[in-house]
1. Relative contact order for region A:3-140: what percent, with Cα pairs under 8 Å and sequence separation of 6 or more?
2. How many Cβ atoms of partner chains, on average, are near each residue of B:64-76 if near means within 10 Å of its Cβ?
3. Mind giving me the nanometre distance, one decimal, between the label points for B:L43 and B:T16, set 7 Å out from Cα along Cα→Cβ?
4. Taking 0.36 nm per intervening residue step and subtracting the Cα-Cα distance, what contour gain separates A:E115 from A:R226 on full extension?
5. In region B:1-35, which trypsin sites (Lys or Arg not before Pro) are in a loop and have at most 16 other Cβ atoms within 10 Å, using DSSP for the loop call?
6. Quick one: check the C-alpha center-to-center distance for region A:2-71 versus region A:126-183, whole angstrom.
7. Going toward the positive end of the dipole of region A:46-162, with +1 on Lys and Arg Cβ and -1 on Asp and Glu Cβ, which of A:V130, A:H46, A:S120 do you reach last?
8. Which angle between 0 and 90 degrees, to the nearest 10, do you get for helix A:203-227 versus the longest principal axis of chain A when only C-alpha atoms count?
Amino acid sequence: MSNAQQALVDGLTPFLGERGFKWNKGREGFFRKEPFGFLDLSWSTHVTGQNGGEFVLTPLLAVRHNEVDNIVNELGLIHGDSNRRYTTTVTRSLGFFPFVDGRDETQRIRIGNIESDAKSAASEVRSMFVQYGAAFFDKYSSLAACSEGLNDVIETKSHPLLNNFPMRAYYGLAAAALCEPDRVETLFTSYCQFSLREFPDQYQQISGRLTKVRAMAGAALAIRARSF
Amino acid sequence: MMARQLSVRAYDDDGTLLPGRTQLDAAGWRLDNGAFGALETKLSPHAPLTQGQLLHFPALARNGGIVVGKNGRSIGMPAGFIVPPTKVQVIRGPGLPNPESWWSNFYE
């Protein structure tokens, strides 16, 4: 990890620690375990030559619901158990999808000014967390909110809660199957139709995976019902 | 929408991950057809590929690979995400467009 990132971590650790988040060195993110999975605050990083060299850090908020991720990960799209344990159900990058239109949540730490820039960046991230991040985590700790959010809107390729189609379709369908089973057939048909229209070359693969997700989620729901 | 400096490891011809990793300057899902695309930029016409790029780029084109690290998460590619076989497109300067425009110049 770079000195810039370490300085930002140091600036955030007391604040996030008070709220139950712990820094995970291997995954380079702040995590809070929950009965259903975990909450995750981290950032993507790249280096540019601007301003004499600077780190550009874009915050990202994510929530994992184990039940959903365990189903989608059965599709074999993620390499390795250690990686599969850290996939997330909803993931919002504040670079593409800030909470307020036009507000740039991206933080810049100049290599020649790490200490003061990191302090400022940490302050900005804390402010974002208080104003919007905590509410985001509260909301998407609900599986029903994840289902509703991931499946709203259906016909779009980019999306603030999972910016990848068809991955969003798999997650949206799995989440719905677990908490809004009445919607599953309609969602399944809608996602298949959308993929046929927009990505005809991948239609067979996508519809096959959606079929698997639907079956696995149905089985998980049946097991859950028997256990009560 | 693209991810910047996305780290990847390519599979070799036997399906084993090659050692090390390489970074793609820009990578993402094409909005026109849903395919994965990747760009590498070089500042001059003759700047060579690095050793890591020479190892991973051809294998990535043949066999695909996986995402390493967290820079792919903004485009739904977490660590371990399996990347389909992808030929990395190399664009060379001088006169490169602004980095924010790389992706749209080629893929959107």
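What follows draws every value from the coordinates through simple rules; no lab data is involved. In this text the structure is predicted, and so the values were computed from the model without any measurement. Positions of Cβ are backbone-derived with ideal geometry, glycine not excepted, and every protein chain shown enters the neighbour counts.
1. Numbers: 196 pairs, mean separation 36.1, N = 138.
RCO, region A:3-140: 26 percent.
2. Average per residue, whole number: 6.
3. For the pair B:L43/B:T16, the computed spacing is 3.7 nm.
4. Values: separation 111, 0.36 × 111 = 39.96 nm, distance 5.56 nm.
Once the chain is fully extended between A:E115 and A:R226, it gains 34.4 nm.
5. Numbers: sites: B:R4, B:R9, B:R21, B:R30; in loops: B:R21, B:R30.
In loop regions of region B:1-35 (DSSP not H, G, I, E or B), the sparsely surrounded trypsin sites (Lys or Arg not before Pro) are B:R30.
6. 19 Å
7. A:S120
8. On a 0 to 90 degree scale, this one is about 90.
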